[in-house]
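Asker: Sharing a structure, written as structure tokens. Questions coming.
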Amino acid sequence: MIQKDCSSITPPYAKLLEKLGLVRELLNNRPLTLAEKILYSHLNDPEKNLSGGKIRGETYLQLRPQRVAMQDASAQMALLQFMSAGLSQCAVPTSIHCDHLIQAVDGAVPDLERSIMSNKEVFDFLESAARKYGIEFWKPGSGIIHQIVLENYAAPGMLMLGTDSHTPNAGGLGLLAIGVGGADAVDAMTGTPWELKAPQVIGIHLTGQLNGWATPKDLILHLAGRLTVRGGTGRILEYFGPGVASQSCTGLATVANMGAEVGATTSTFPYTANMRAYLHATGRGPVARAADEAAANGFLSGDPGAEYDEVIEINLSELEPTINGPFTPDLATPLSKFGAFVKENGWKNELSASLIGSCTNSSYEDMTKVAEIAEQAKTVGLTTKVPFLCTPGSEQIRATMERDGITGTLQDVGAVVLANACGPCIGQWKREDLKGEENAILTSFNRNFKSRNDGNRHTMNFLASPTIVTAMAFSGELSFNPATDFITLPNGESFKFSPPSGQDLPSKGFALGNKDYYPPPMPEPQPEIEVIIKNGSQRLELLEPFPDHFGPQNSRGLELPPLKVLMRVRGKCTTDHISAAGPWLKYKGHLTNISENLLITAVNDEGGDVNVAFDHNHDISQPESDSIPNIAKRLKSRNQPWALIVDDNYGEGSAREHAALQPRFYGCAMIVARSFARIHETNLKKQGVLPLWFADKTDYSRIGSGDIVETLGLADLLNGDQSVVIKLRVIKRDGQIFEIPTKHTMSTDQLNWFKAGSALNFIRSQMV
Ligand code: F3S
């Protein structure tokens, strides 16, 4: 393993420790959890954030993340937004990883060639933008974002953002890595403090020792069953206790990766000798030595006596392999009860495919364990009974597997090795069998929502450790328990697997493989490069800055111009309702095209129909009712800014910034809600849409489509009067006029964004 240039990847521990000293003073030297130490030492201004009352679960923190990583699907809009900010380079080290757009069909080489051709314009765009702005570009085939981050960028005690929900995987090296939307990544890339409500901290106290077939994957599968898919929301999972040190660094990464499945902000662990060994094995000795010193100064673990918001006890010695699913990652069944569970549900006792690898489970340790299983099977003449697919997480893992004979062993028993990419984990699996039929697959991945892997909503995806997934591929039966059951061999003898021991790090060191896959660290920006967007592209489109709301066409000064109400949205309206996924994903970099899906699954409270809105000023050539995007387009073509009236928790779900960009693109200036989901509310503010809350929730039903609403008091707020109550003057279609009070959550910074038309406009205005 080549020693890496660590100058841009070693956290500035001296500065972090200095800030931590200030934090301790502000908090009267109370003991801190590790999560608090890392978060608070990355505050932009500790005095501003920590001088009030309760912090965890209450206070909004403005943070300075040290690094950003983006995958190829989400990087498109993030980069387009970054470009429209007008900066010449990123404010923090940033990397792009081409992994989501590679489709698995029949093996690594042809799949990669085909996917590069079919996504060429997107990869060309990403690469040219990377060169222009000094971003490290990991080309298709180099590996999966989270594995590459763990191998190259993650370092104990750092705070980083990634535009993918499994970014917390990097927490295996004892840091805070948080999955965000593109607009949040752009905050860090433009040097704007990134805001996060201080999460609560759950302490997971690990005792005992994993044994037999149990692996770190089983720890998180078990915990998902206890916490459920919502149990970690707004919380960081901080593991501590004697059971941490015995886990490999990559095993901890698996645990951190799937913290996303319980909704946790992220997961972390105190610095261990195994983390140090992993840093050395991956060519980062200087980072390990700096981390040793930071740990000696009390930075990389929680303080004795630190208080957690909740503590969960887990005795690793009692854990058995666990299988989770189908269709939700928190339906956990211990392996010993899984056969009965299958029977109770009346499912066929048949496995249709086994898949290992992905960002969750493709470490050297995982691969040596599955190779041991395969070797045992090979020795007795067994091959897998079902398709057995393996996705290496990175070129480094692929090359090391090949050198050490692991790939050969897996192929000997029937494995197909796929490209180093997400592939079947994200639905990029061109599966030809069992289309539309109920069937069961077993994977070592992290998510198992309907249709996620092969697009078939009847495919039941059960999640397990790679060793269980592999062993069961030789039986072909869902009820097979490799810890207790025998397989009958062709000669009539019985065969039973022994639990594999694996090896966490390669004794010959990691092989790097194809050196072309490794970008130079911190490349110099090349301002002369033109970012490539193909003429007439249907997948990519430059973003035009949004105009502010207070131009010459608005005679109301700093009040919004009169807004037409587009519709009143009824009930649950997630970011998926506002900007649907599925086939629309290919337009993630093209705002005009993706906006055609605006609110297409939202329910109109006036009539109860989905994707129906009304145009009360339609001309004779147009119908009065039409799809929501079509009515929004009509208003835009008339230069008529508009407002939406929405229900409770509007915008819950993901951090998808398209859900804020799209209404703004069509001319939405204000959304009035019974309540907002916080991340979406912030995204609206970033894009220059005013989010207001009904002071009296019953006012929701007093405003309908075609009404005109005018703000009263917004000008005072924008002029600095934080105490003002913004009212809405509502002019009904029948001429009736009334006023209603609202509430807002706009901070001073956010008011600046709004005045400028968007956060990016404001950032750009600060550059000149
Ligand atoms: Fe890719 Fe699946 Fe991980 S989509 S980033 S391998 S969760």
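The values are calculated or read from the model by the stated rules, or taken from the named source; none is laboratory data. Keep in mind that this is a model prediction, so the values were computed, not measured. Cβ atoms come from the backbone with ideal geometry, glycine included; neighbour counts cover every protein chain shown.
Asker: All but one of (1) touching a Pro at 6+ places or on another chain (Cβ under 8 Å); (2) at pLDDT 95 or above hold for Phe546; which doesn't?
Answerer: (1)
Asker: Okay, next question. Give the range 172-193 a look and list any residue that's crowded, with 24+ Cβ neighbours inside 10 Å and at positive phi, or say none.
Answerer: Listed by number, the list holds a single entry, Gly174.
Asker: Exactly one condition in (1) surrounded by fewer than 18 Cβ atoms within 10 Å (Cβ to Cβ); (2) among the hydrophobic types (A, V, I, L, M, F, W, C); (3) away from the ligand (no atom under 16 Å from the Cβ) is not met by Leu410; state its number.
Answerer: Among (1) surrounded by fewer than 18 Cβ atoms within 10 Å (Cβ to Cβ); (2) among the hydrophobic types (A, V, I, L, M, F, W, C); (3) away from the ligand (no atom under 16 Å from the Cβ), Leu410 violates only (1).
Asker: Kindly indicate which of Glu365, Glu372, Glu313 is among the charged types (D, E, K, R) and either assigned to a loop (DSSP other than H, G, I, E, B) or surrounded by fewer than 19 Cβ atoms within 10 Å (Cβ to Cβ) (or both).
Answerer: Among Glu365, Glu372, Glu313, only Glu313 is among the charged types (D, E, K, R) and either assigned to a loop (DSSP other than H, G, I, E, B) or surrounded by fewer than 19 Cβ atoms within 10 Å (Cβ to Cβ) (or both).
Asker: Only residues in the range 341-366 that are at pLDDT 95 or above count as the first member; pair them with residues that are part of a helix (DSSP H, G or I) and among the basic types (Lys, Arg), Cβ under 7 angstrom, at least 6 apart or cross-chain, and list the lot.
Answerer: Filtered contacts from the range 341-366: Asn361/Lys217.
Asker: Hey, does the range 414-425 have a residue that's more than 11 Å from the ligand (Cβ to nearest atom) and farther than 30 Å from Asp330 by Cα?
Answerer: yes
Asker: May I ask you to list the residues in the range 235-263 that are surrounded by 24 or more Cβ atoms within 10 Å (Cβ to Cβ), farther than 9 Å from Asn169 by Cα, at pLDDT 95 or above and of a type in the set (A, V, I, L, M)?
Answerer: If the condition is that a residue be surrounded by 24 or more Cβ atoms within 10 Å (Cβ to Cβ), farther than 9 Å from Asn169 by Cα, at pLDDT 95 or above and of a type in the set (A, V, I, L, M), then Ile236, Leu237 are the ones that fit.
Asker: Just to verify a result, which residue in the range 126-147, among those that are surrounded by fewer than 24 Cβ atoms within 10 Å (Cβ to Cβ) and either among the aromatic types (Phe, Trp, Tyr) or not assigned by the TED database to the domain that holds Asn274 (or both), is nearest to Leu505 (Cα to Cα)?
Answerer: Phe137
Asker: Looking at the range 338-372 only, could you name the residues that are closer than 16 Å to Thr254 by Cα and of a type in the set (Phe, Trp, Tyr)?
Answerer: Across the range 338-372, the qualifying residue is only Tyr364.
Asker: Residues that are closer than 19 Å to Arg447 by Cβ and in contact (Cβ under 8 Å) with a residue 24 or more places away in the chain, at least 3 per element: which strands (runs of 3 or more DSSP E) completely within the range 168-253 meet that?
Answerer: 176-179
Asker: Test Leu150 against the criterion of being buried (at least 24 other Cβ atoms within 10 Å of the Cβ), modelled with pLDDT of 95 or more, part of a strand (DSSP E or B) and within 16 Å of the ligand (Cβ to nearest atom), and give yes or no.
Answerer: For Leu150, the condition - buried (at least 24 other Cβ atoms within 10 Å of the Cβ), modelled with pLDDT of 95 or more, part of a strand (DSSP E or B) and within 16 Å of the ligand (Cβ to nearest atom) - is not met.
Asker: Among the residues of the range 92-108, write down those that are within 15 Å of the ligand (Cβ to nearest atom) and of a type in the set (S, T, N, Q).
Answerer: Ser95, Gln103
Asker: For Lys686, only one of the following conditions fails: (1) within 33 Å of the chain's Cα centre (by Cα); (2) among the charged types (D, E, K, R); (3) surrounded by fewer than 22 Cβ atoms within 10 Å (Cβ to Cβ). What is its number?
Answerer: For Lys686, the exception is condition (3).
Asker: Now, a different point. If you scan the range 613-628, which residues turn out to be buried (at least 18 other Cβ atoms within 10 Å of the Cβ) and not in a strand (DSSP E or B)?
Answerer: Selection gives Asp615, Ile628.
Asker: For the range 718-743, give me the residue count where each residue is surrounded by 20 or more Cβ atoms within 10 Å (Cβ to Cβ) and either outside any strand (DSSP E or B) or small (Gly, Ala, Ser) (or both).
Answerer: Residues that pass the stated criteria total 1.
Asker: Further, regarding this structure: Let me confirm something: among Ala340, Ala374, which residue is among the small types (Gly, Ala, Ser) and in contact with a helix residue (DSSP H, G or I) (Cβ under 6 Å, 6 or more places away or on another chain)?
Answerer: The match here is Ala374.
Asker: Moving on to the next point. For the structure I just gave you, tell me whether Ala75 is within 30 Å of Leu540 (Cα to Cα), at pLDDT below 95, among the hydrophobic types (A, V, I, L, M, F, W, C) and not assigned by the TED database to the domain that holds Ala399.
Answerer: No: the conditions fail for Ala75.
This table checks each residue for (1) touching a helix residue (DSSP H, G or I) at 6+ places or on another chain (Cβ under 9 Å); (2) of a type in the set (Val, Ile, Thr).
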position	(1), (2)
Phe137	yes, no
Ala155	yes, no
Val186	yes, yes
Trp213	yes, no
His222	no, no
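Asker: Go through (1) charged (D, E, K, R); (2) under 24 Å from the mean Cα position of the chain (by Cα); (3) modelled with pLDDT of 95 or more one by one and return the number of the condition Glu47 breaks.
Answerer: Just one mismatch for Glu47, condition (2).
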